[in-house]
Structure formats: C-alpha cells, structure tokens
Amino acid sequence: MAAAVTFLCVWRAITAELAARIGIRQGYLSDLETKRRKGLDSTMERLAAALEVPVAWIA
C-alpha cells in the first residue's frame with residue numbers, strides 16, 4: 001500500500017508539472033491520458049515536445 005501511495009504522489013507531481021509546462025489543466029491532461037478527450041493538434045504537439053517523443057507516439 002505504501003508503495004502505491006508513493007507512486008501516486010510522484011505521478012501526480014509529474015502530471016501537474018507537465019500540465020503546467022504545456023499550459024493546460026491537470027484534469028485535461030488526465031482526460032487525454034485516459035482518452036476521455038481528444039486533444040487539439042497544437043496541444044498534442046506541445047505535449048509530445050515536452051515528453052521529447054514524436055507526436056505519433058501519443059496521438
């Protein structure tokens with residue numbers, strides 16, 4: 001249980017930092033991660049650039 005809590009805390013911090021870096025809300029990033037929403041091309045480009053991966057990997 002402690003490991004899961006630690007993982008979630010780290011993941012949330014990374015998610016919050018990534019969302020802030022690309023200029024979107026953390027909840028919106030979560031929606032993109034779970035495919036509840038489809039991001040605009042410009043959002044996906046910023047996300048890919050922040051993650052240093054091709055857009056095709058995350059689209």
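The values are calculated or read from the model by the stated rules, or taken from the named source; none is laboratory data. Because the structure is predicted, anything quoted here is derived from the model rather than measured. Cβ sites come from the backbone with ideal geometry, for glycine too, and all protein chains shown count toward neighbours. To get the accessible areas, we keep the full protein, side chains included, count just its heavy atoms, and leave off ligands, DNA and RNA. Shrake-Rupley method; radii C 1.70, N 1.55, O 1.52, S 1.80 Å.
Ranked by the mean number of other Cβ atoms within 10 Å of their residues, highest first, the peptides 22-29, 37-44, 10-17 come out as 22-29, 37-44, 10-17. With log10 I(q)/I(0) by the Debye sum over Cα atoms at q = 0.19, 0.22 Å⁻¹ in mind, check (i) -0.64, -0.76; (ii) -0.83, -0.90; (iii) -0.69, -0.86 and report the label derived from this structure. Label of the calculated value: (iii). Here the 3J(HN,Hα) profile of the range 42-53, calculated from phi with Karplus coefficients 6.51, -1.76 and 1.60 at θ = phi - 60°, is 5, 5, 5, 5, 5, 5, 4, 5, 5, 8, 6, 9 Hz, Gly and Pro shown as x.
Taking all protein chains into account, the per residue accessible area for the chain stands at 74 Å² (1.4 Å probe). As a fraction of the 1.4 Å probe accessible area of the chain, surface on carbon and sulfur atoms comes out at 63 percent.
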